[in-house]
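All of the numbers you see were taken from the coordinates with simple rules; none came from a lab. Owing to the predicted nature of the structure, the values given are computational and were not obtained by experimental measurement. Methodologically, a virtual Cβ is constructed for each residue, glycine included, from the backbone with ideal geometry; neighbour enumeration extends over all protein chains shown.
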Amino acid sequence: MRLNKFISNNGSIARRTAEEYIRQGRVTINNMTVTDPAFNIIENKDKVRVDGELVKTSRKKVYIVLNKPRKVISGVSDDKHRTTVTDLIKSKEKIFPVGRLDYDTSGLILLTNDGEFANRLMHPRYKVEKTYRVKLSKPIEEKHKLLIQKGVRLGRKVTAPAYISFINPKDKRYINITIHEGMNRQVRKVFESFGYFVDKLERIKYGYLTLRGLASGQWRHLEPKEIQSLTKICKPEEK
């Protein structure tokens, strides 16, 4: 098995993060540093360590949805000792967040110890939709709404088309926006590029999943049918 896949499947990090750690020289195999993410290991024989900690084979796959409060870090640790999403969840297995929500953004975030599952959900190839509820500093103009729906240039990249709907047509500060990309602070940057400040941002939907029944800070395990639905979204096409 490839080294990066083994770590993401059994460690508390996603595959992309595992690749970064490997290239940074933070991973050893049988006490020897390896910097090639594609290096093949022999499971149950080779001893893989990340930052000196042994990566143990996970026995049980865990899939959790959390309603993340604001002022919580989307990670497993924080050098400033702030609360992280994993601090809010009681799990015997090591888990990590699928993607991230900004420190000041609340809402739906998935956590798992299944690296392959997480990697597919985050991969741009599968275009998994995420919907955010937004409160803007002022009502959005129709011309800006149309431009955002077509795609906006952010630096060297142009965002993919988005879908915007009004929560209350009488108050156009409140909108829902659906995207399938995951650029850093994308929603905030898109609106800021047209002179709007995002007063409040909450992710309310991820694929088929919603925050049904979850108050801020609450979490639950995904039901088998929910896992199947998410897996189906990002299932490779048969050739």
* To do: Quick one: what are the phi-derived ³J(HN,Hα) couplings along the range 79-86, Karplus 6.51/-1.76/1.60 with θ = phi - 60°, whole Hz, x for glycine and proline?
  => 5, 9, 6, 7, 5, 10, 4, 6
* **Cα gyration tensor, the range 3-54 - rounded (a/c under 1.5), prolate or oblate** => rounded
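Want the number for Thr57 to Lys235: 0.36 nm per residue separation, take away the alpha-carbon distance, what's left? Before the final figure, lay out each step's value.
On the way: separation 178, 0.36 × 178 = 64.08 nm, distance 2.41 nm.
61.7 nm is the gain from fully extending Thr57 to Lys235.
Say R0 is 41 Å: what FRET efficiency, to the nearest 0.05, do Arg212 and Lys80 get from their beta-carbon distance?
On the way: r = 33 Å, r/R0 = 0.79.
Efficiency at R0 = 41 Å is approximately 0.80.
Let a ≥ b ≥ c be the square roots of the eigenvalues of the Cα gyration tensor of the range 78-160; is it rounded (a/c under 1.5), or, if not, prolate (a/b larger than b/c) or oblate? List each step's numbers first, then the result.
Values: a/c = 2.64, a/b = 1.68, b/c = 1.57.
Prolate.
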* Structure fact -> The lysines whose Cα lies under 20 Å from the Cα of Lys172, excluding any fewer than 8 residues away in the same chain, are Lys135, Lys138, Lys143, Lys145, Lys150, Lys189, Lys200
* To do: With label points built 7 Å along Cα→Cβ from the Cα atoms of Val34 and Tyr103, find their separation and express it in nm.
  => 3.6 nm
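Extension gain Glu141-Lys47, at 0.36 nm per residue separation less the Cα-Cα distance, in nm? Don't skip to the end; give the middle numbers.
Numbers: separation 94, 0.36 × 94 = 33.84 nm, distance 5.80 nm.
Stretched fully, the Glu141-Lys47 segment lengthens by 28.0 nm.
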* **Amide hydrogen neighbours beyond the local backbone of Ile73, cut-off 5 Å, H modeled** => Thr83, Thr84, Val85
* **Sequence-distant lysines (8 or more away, or on other chains) whose Cα lies within less than 25 Å of Lys61** => Lys5, Lys45, Lys47, Lys90, Lys92, Lys94, Lys127, Lys130, Lys205, Lys225, Lys232, Lys235
* Asked: To the nearest 20 debye, what charge dipole does the range 129-206 have about its Cα centre, counting +1 at the Cβ of each Lys and Arg and -1 at the Cβ of each Asp and Glu?
  -> 120 debye
* Asked: Of Val62, Thr33, Gly52, which is farthest on the positive side of the dipole of the range 1-133, counting Cα position, with +1 on Lys and Arg Cβ, -1 on Asp and Glu Cβ, and the Cα centre as origin?
  -> Val62
* Using a/c under 1.5 as the rounded threshold, could you call the chain rounded, prolate or oblate? The axes a ≥ b ≥ c are square roots of the C-alpha gyration tensor eigenvalues, and prolate needs a/b larger than b/c, oblate otherwise. => prolate
* **Label point at Arg156 placed 7 Å out along Cα→Cβ; residues across the range 93-126 whose backbone nitrogen lies under 16 Å** => none
* Pull up all non-local amide H partners of Leu154: gap of 5 or more, or a different chain, and H-to-H distance under 5 Å with H placed in the peptide plane. => Thr159
